[in-house]
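Below is one structure, written out as structure tokens; comments come after it.
All of the numbers you see were taken from the coordinates with simple rules; none came from a lab. Please read these numbers as outputs of a predicted model, since none were measured by experiment. Neighbour counts are summed over all protein chains in view; Cβ atoms, including those assigned to glycine, are modelled from backbone coordinates with ideal geometry.
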Amino acid sequence: MLCMAGGMAGGMGGGWNSRRGSGIPLEQRVRVGAEQPARARGEGAERCPARHCWVADAIDSRSVRRPGLLVEWRRQDGRWQGRVVYAAQLRADGWALVEEWVPSELLTVAG
């Protein structure tokens, strides 16, 4: 089995003093008196271009939209295409990551 939907040993909900992180994003969690890294302050780094999207007509042909990550745009033969990464069920017993250029009309902004 390649994908397990069960809980993780140790879990992911620890956070500060087991309060599930107190609603503070990880990038803003610093120790008292510690200097916050420049990238956490939004300095010295470009804004990440990746965006969450929905991919229609995925390669596994199951007629469902797959959640994906749009990482780049290009114009090909007068039409826009998005380079996306998403999970698809390519075998009956497992999932795989797929990276491909998809026509823009098959992509929907998530959110």
Under the rule rounded for a/c under 1.5, else prolate if a/b exceeds b/c, else oblate, using alpha carbon gyration tensor axes a ≥ b ≥ c, segment 48-111 is classed as prolate
Residue span SER104 to ARG62: 0.36 nm per residue of separation minus Cα-Cα distance leaves a gain in nm of 13.2 nm
For VAL85, VAL98, what ranking results if the residue with the fewest other Cβ atoms within 10 Å of its Cβ goes first? VAL85, VAL98
